[in-house]
Amino acid sequence: MKQLVIILIASLLSCNANQKTTEQIPKPPKQEKDPIEFAETITEEELKDYLFTYASDEFEGRETGKPGQKKAIEFITLQYEKLGIPALKSDGDYLQKVSLSKSNVPDGKITVNDIDFIQGEDFLSFSEGTGKLDEVVYVGYGISEEGYDDYARIEVKDKMVLMKFGEPTNADGSYILSGNNEKSVWSNMSESLEKRTKVAKARGAKGIFYYDPQNYSRYKRYYDYMKTNSSERIQLNAEKETNFMVLVNQSMGKKIFPELNAGDTPKVIKTSLELKIQNTDDQIDSENVVAIIKGTEKPDEYLVISSHLDHIGVNKDGQINNGADDDGSGTVAMLEIAQAFKMAADEGVGPNRSIIFLHVTGEEKGLLGSKYYTDYNPLVPLKNTIANLNIDMIGRIDPKRQGDRNYIYLIGSDKLSTELHELSETVNSTYTNLELDYKYNDENDPNRFYYRSDHYNFAKNNIPIIFYFNGTHPDYHQPGDTADKINYDLLQKRSQLIFHTAWEVANREKTVSVDKVLK
C-alpha cells in the first residue's frame, strides 16, 4: 500500500509539471499573409451581381423611410449573414434605429386675454407649443453686446420672452450700438433673428414672441409656401427644436404689450396666454446597418468603413431613381471589402484592429444617419475610432475630368492626418496605381464636397477620414443612374484600393495620428 501511494504522488507531480510546461509555451506568432490574395476576391462579377439587384426597380430608389429602403436594409443584412460577419450590437441586431420626422407646419391658436389669435393669420410658428402663461418677460430689442445688454437687469430663465426687431437709438436719431447713423447687424432681418435667438437660449428662455411688423409679410410668404408645398424637410427627432418661436403681427403684439412700439425698457408683463399649437409632423422610421469584424490584437480600436444605403426614390412622374452609382457603388464595394477581410480572418490573419462596416441612412436628407451615429448614439466610443473611410459614388467617370479614366478623387485625406494621407499614397503606388486626383480637396472648391457626405460627421469629431468619389455626371440624381452604366473594372480597382488602405490602417503598429485641426 505504501509503495502504491508513492507511485500516485509521483504521477500527480509529473502531471502538474507537464501542465505548467504547457502553459508556458508561447502562442505562435500571427501568420503574415500578402493582402493581394484577399484583394483579388473583390471581383467585377460579384460587384455587378450585387449592384444589378441593389439598384433594380424592385428597390424603388431606396428613399429614406420608404418600402424600397426597407428592402435595401434587408438585402444588406442578408449578405452579412451569408458571409458570417456578425452585427456590431451585442444582441445580434444589425439595425441601429434612426428616428426621423418630416416637418409640417403646425396648427392651432394662441389665446391672449380671452382673444383668440390664429396660426397663419395673426402669428406664425414652425414648432409646437402648449400650455398656459400668466406672464411674459419683455426684453426690448433682445440685444446683448458689450456696452448694451437688454438682459442685464432681468431674469428670463424658463420664461417666454417678448422682443422686437431693430436696435436702440439716441435722442438725436443716431444708433447707440454704432454711435453714428450706421445700423448694425441687429437691423438685418435674417442675421439678427438668429443672433437674438442664440442670446435668448443662452439666457435660458424657453421661447420667444418676436414682433417685426416691417418684415412680417415676408415671413408670412415663407409660411404660406411651407403650408401649401411639401417641403420634404426631414430631421432627426433627437435634434428637434425645444425652444418655441412665434412671429406675431401688430394686432397680437400690442395685445400682449400695448406699449410695444414705444417701450424699450425690459419688464415683466402680467398677461393671460394659452398656447394650443399642435405638431403635425410625420414620423419616419429608418435604420443604419452595422456589422463588425473583431480585431485580433486591439479589438477596442475601430476603423469605420461607411457608405450610404439610401437614394432619392421616385420622381413625381413615377420614374425610379435607381442610384446605382449614388450610392449603390459604395454599398456593394463595402460588401466585397467585408468579404475579403472575413476570408483573411478565417485564415488566421484577421485585422489587428476591429473594422466596422457602417451603412447609413438619410444621407440624401442631410447626412442624418451618420450624424445620429456620431453625435447621438455611437455604438463604440468615438475616442476609440481611429479613422473613417467613406465611399460615395465610385462606379462612374466624371465627364468634366481631363485625363486618364484610371483615377479616383480623394477628399479629406490630409485635412486631419498627414500620416493617413501619406499611407494612402504609399498603398496606392504599391498595389493599385490609380491616379489620386485631389481636385475637389481644394479649400476653395465651390462644390464643397468635403462637407456633403457622411465622412464629415466623423471629421468634425477629429477623426481622420478619406472620402472616395468619382465626381458627378449627367445621371447624378436622375433616373439614368442605372447599373448598366457602371464601369465595373474601375469599381473593382477602386474597391481594392480602399481594401488595401483599410488593411494598412487596421494592421499598422500605431494608429494614424491627428496633427491638424479641422477648419
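The values are calculated or read from the model by the stated rules, or taken from the named source; none is laboratory data. Quick caveat: nothing in here was measured; it's all calculated off a predicted structure. Glycine also receives a Cβ, built like all others from the backbone with ideal geometry; neighbour counts cover every protein chain displayed.
A few remarks follow.
- Neighbours by Cβ (under 6 Å, 6+ apart or cross-chain): first from the stretch 39-68, acidic (Asp, Glu); second assigned to a loop (DSSP other than H, G, I, E, B): Glu63/Gly313
Residue-wise test of (1) buried (at least 18 other Cβ atoms within 10 Å of the Cβ); (2) in a loop (DSSP other than H, G, I, E, B).
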site	(1), (2)
Asp49	no, no
Thr53	no, no
Gly65	yes, yes
Ile118	no, no
Leu124	yes, no
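- Filter pass, Val185 being in contact with a Gly (Cβ under 7 Å, 6 or more places away or on another chain) and assigned by TED's automatic domain parsing to the domain that holds Gly253: no
Residues checked against (1) within 33 Å of the chain's Cα centre (by Cα); (2) touching a residue at least 60 places away in the same chain (Cβ under 8 Å); (3) farther than 24 Å from Lys220 by Cα; (4) surrounded by fewer than 13 Cβ atoms within 10 Å (Cβ to Cβ):
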residue: Leu100; (1), (2), (3), (4): yes, yes, yes, no
residue: Thr111; (1), (2), (3), (4): no, yes, no, no
residue: Ser127; (1), (2), (3), (4): yes, yes, no, no
residue: Arg153; (1), (2), (3), (4): no, yes, yes, yes
residue: Phe165; (1), (2), (3), (4): no, no, no, no
residue: Pro168; (1), (2), (3), (4): no, yes, yes, no
residue: Gly173; (1), (2), (3), (4): no, no, yes, yes
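Matching residues to (1) at pLDDT below 95; (2) part of a helix (DSSP H, G or I); (3) assigned by TED's automatic domain parsing to the domain that holds Leu497; (4) over 21 Å from Asn237 (Cα atoms):
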residue: Ala344; (1), (2), (3), (4): no, yes, yes, yes
residue: Pro351; (1), (2), (3), (4): no, no, yes, yes
residue: Ile355; (1), (2), (3), (4): no, no, yes, yes
residue: Leu358; (1), (2), (3), (4): no, no, yes, no
residue: Tyr372; (1), (2), (3), (4): no, yes, yes, no
residue: Ala387; (1), (2), (3), (4): no, no, yes, yes
residue: Asn390; (1), (2), (3), (4): no, no, yes, yes
residue: Ile394; (1), (2), (3), (4): no, no, yes, yes
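- A count restricted to the stretch 282-299 and to residues that are among the charged types (D, E, K, R) and in contact with a helix residue (DSSP H, G or I) (Cβ under 6 Å, 6 or more places away or on another chain) stands at 1.
- Selection count, the stretch 273-331, where residues are in contact with a Gly (Cβ under 8 Å, 6 or more places away or on another chain), basic (Lys, Arg) and assigned by TED's automatic domain parsing to the domain that holds Gly65: 1
- Residue that is farthest from the chain's Cα centre (by Cα), among those in the stretch 132-151 that are within 20 Å of Met189 (Cα to Cα) and of a type in the set (A, V, I, L, M): Val139
- Contact map, the stretch 247-275: residues that are basic (Lys, Arg) paired with residues that are surrounded by 14 or more Cβ atoms within 10 Å (Cβ to Cβ), Cβ distance under 6 Å, separation 6+ or inter-chain. Pairs shown: Lys254/Leu260; Lys255/Val112; Lys267/Tyr138.
- Given (1) touching a strand residue (DSSP E or B) at 6+ places or on another chain (Cβ under 9 Å); (2) at pLDDT 95 or above; (3) farther than 23 Å from Met252 by Cα, number of the condition Tyr148 does not satisfy: (1)
- Extreme residue, surrounded by the fewest Cβ atoms within 10 Å (Cβ to Cβ), among residues of the stretch 181-235 that are among the hydrophobic types (A, V, I, L, M, F, W, C) and part of a helix (DSSP H, G or I): Ala202
- Residue check for His477: assigned by TED's automatic domain parsing to the domain that holds Ala333, in contact (Cβ under 8 Å) with a residue 60 or more places away in the chain and under 21 Å from Ile337 (Cα atoms): no
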